[in-house]
Amino acid sequence: MGRRRGPEEPERQPEGLFGVEDLVAAAAPTSAEADRPFRDGPEARRLLRVTEIHAEPAAAASWRGRQIIARFPDARLVETDSHWRIPHLHGNEGNVRRWVRTKREVLVLGERASFAIRPNGRSADWIAPGLSNGCAMACAYCYVPRRKGFANPVTVFTNVDRVLGSLRRHITATGPKTEPNQCDERAWVYDIGENGDCSVDDLISDNTADLVHAFRHWPTAKASFATKLVNPDLLRLDPQGRTRIRFSLMPPEDSRLLDVRTSPVPARIGAAADFVDAGYEVHFNLSPVVVRPGWRQAWDELLRMMDDVLPPRVKEQSAAEIIMLTHNQGLHEVNLGWHPRAEDVLWREELQEPKQSENGAWNVRYRTAVKREAVEALSHMIGNRAPWLRVRYAF
C-alpha cells in the first residue's frame, strides 16, 4: 500500500511528552515544584488540556464525574447518550486529521456496563473490568483504537464502586492461590488497565488510587498494569506490595518514532527504583518488539542500559514479558492519515501474515518463523546482557 504524508505528521519527529530530544529525566525540581502534584504540573498539562467533555447524564451526576468536571472548569460539557456513540468522534474519518489534538483536548465520561472478569494467563491471571478506555498518549501500534473508529480519547468510567464490588466478589470466591504459576507465585494477578494507561488515568481522577488502595486489603490478590508514563504522583499511594507496575520498554530510537507523547525510555528505566522503594513490584514489558533493520543491536543496547542503570534491589524482584508486534489493517489505514512514517517499520508485509485473535478480530502478526527467530535472539541477548531478568512469557 502506498505511503502518503498525513496532515499531522511532523517534519522531524512526533510530539513527545518531554520533547523528542530528551533522553534523560528532567532536572531536579524546585521545592515549590516538588510539593505540587505531577498532575498539576507542566508536563501533565502538555499531555491533557481538556476543552471538551462528553458525558453520559448518570456519569456527569456521579460523585466521580463531578470531581472530574470540576478539575477541568473551562471545558465545555456536552451530554451524550452513550460513551461509545458520539457522532462527530466515532466513525468520523475526518478525525484522523486531529488524532493527537483529540487525545489532548477531548475527554469522555461514561458508566461501565460490563463487569465480567476474564481469565488471561499471560500478563495476569485475570483481566479486571477497567476504569478507562483509551489514552492521551498516541502509540502508533496501540490496539485500542481499532475498535473505536477514528478517535481514541480517554473514556473514564465513573461507577467505581461497582467495579470494586465485582473485584471483591471475584477475589473472595476464588480464594487463595494454591499453586504458583508464571503470573505470580502466591497471589492472583488482576490486570486493571487492559484498555488504557493507569498512570495517565491518575492525571484525570482518583480511579487509579482507588484501585491501588483497594488491593492493599486483598491479601490473595495483586493488581497489575502496564505504563509508558512516569507519573511521580503514584509514589504517594502506598501500595504495600499489592500492585505490580510494568514499565513498557523498547529501544529509544523506536520509542521516539512509535511511542508518541510518552515518557522517554531512559526515564522509565530510571524511575524503577523509586517505584520499588515506594512499595510497588516493578516488572518490564519488552514491548512491542518491532523487527526492522538494526533491531538486534538496538535491543542489545537497551538491555545494556538496563543492566547499567538498575540497582540490585530492582533487579532482584524484576521479571519481563516479551511481546512481539501485532498490527491491524484498520490501524494501518488510520496511521497513514496522521503518522505514516511509523508504518515504514510497523507494516512489513514480507514478514507478516494475518491471524485471528481470541476475540475474533483479524490482525497481522509476524510469520511463525520470523517470530520464533526474533524471540530466540532477544532471549539470547537477555541471557548475555541481563541474566538477572527473568522472562515470564513471550507472545
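The values are calculated or read from the model by the stated rules, or taken from the named source; none is laboratory data. Since we're looking at a predicted model, the values are computed, not measured. Counting neighbours? That spans all protein chains shown, and the Cβs are built from the backbone with ideal geometry, glycine included.
Those residues that are assigned to a helix (DSSP H, G or I), crowded, with 22+ Cβ neighbours inside 10 Å and not β-branched (Val, Ile, Thr), I need them from region 199-242; list them, please.
Within region 199-242, Ser199, Asp201, Asn207, Leu211, Phe215, Leu234 qualify.
Name the residues in region 364-394 that are among the charged types (D, E, K, R), part of a helix (DSSP H, G or I) and without any contact (Cβ under 8 Å) to a residue 60 or more places away in the chain, would you? Before the answer, list the steps.
We begin by selecting, within region 364-394, every residue among the charged types (D, E, K, R); these are 365, 367, 371-373, 376, 385, 390, 392.
Subsequent filtering for residues that are part of a helix (DSSP H, G or I) retains 371-373, 376, 385.
Once the filter is applied, which keeps residues that are among the charged types (D, E, K, R), part of a helix (DSSP H, G or I) and without any contact (Cβ under 8 Å) to a residue 60 or more places away in the chain, region 364-394 yields Lys371, Arg372, Glu373, Glu376.
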Item checked: Residue among Ser263, Ser287 that alone is of a type in the set (Gly, Ala, Ser) and part of a strand (DSSP E or B) -> Ser287
Note to self: On the basis of being in contact with a Ser or Thr (Cβ under 8 Å, 6 or more places away or on another chain) and either among the basic types (Lys, Arg) or closer than 23 Å to Phe395 by Cα (or both), does Leu249 make the cut?
What the structure shows: yes
Next item on the list: Kindly list, by first and then second residue, each pair from a residue in region 296-317 that is surrounded by 13 or more Cβ atoms within 10 Å (Cβ to Cβ) to a residue that is charged (D, E, K, R) and not in a helix (DSSP H, G or I), limited to pairs with Cβ atoms under 8 Å and residues at least 6 apart or on different chains.
Entry: Gln317/Glu281
Notebook entry, point to check: Which of the following residues is polar (S, T, N, Q), crowded, with 16+ Cβ neighbours inside 10 Å, out of contact with any Cys (no Cβ under 9 Å at 6 or more places or on another chain) and over 30 Å from Phe395 (Cβ atoms): Thr51, Thr80?
Noted result: Thr80
Notebook entry, point to check: Among (1) buried (at least 16 other Cβ atoms within 10 Å of the Cβ); (2) of a type outside the set (Phe, Trp, Tyr); (3) assigned to a helix (DSSP H, G or I), where does Glu333 come up short?
Noted result: (1)
Check: Is there a residue in region 136-146 that is of a type in the set (Gly, Ala, Ser), crowded, with 21+ Cβ neighbours inside 10 Å and in a strand (DSSP E or B)?
Finding: yes
Note to self: Any residue that is assigned to a strand (DSSP E or B) and at pLDDT 95 or above - is there at least one of those in region 90-106?
What the structure shows: yes
Notebook entry, point to check: Taking region 65-111 on its own, how many of its residues are within 22 Å of Asp206 (Cα to Cα) and touching a helix residue (DSSP H, G or I) at 6+ places or on another chain (Cβ under 6 Å)?
Noted result: 4
Next item on the list: Test each condition in (1) within 17 Å of the chain's Cα centre (by Cα); (2) in a loop (DSSP other than H, G, I, E, B) for Glu179 and report the one that comes out false.
Entry: (1)
Checklist line | Breaking point among (1) modelled with pLDDT under 95; (2) among the hydroxyl-bearing types (Ser, Thr, Tyr); (3) closer than 23 Å to Ala75 by Cα, for Thr158 | finding: (1)
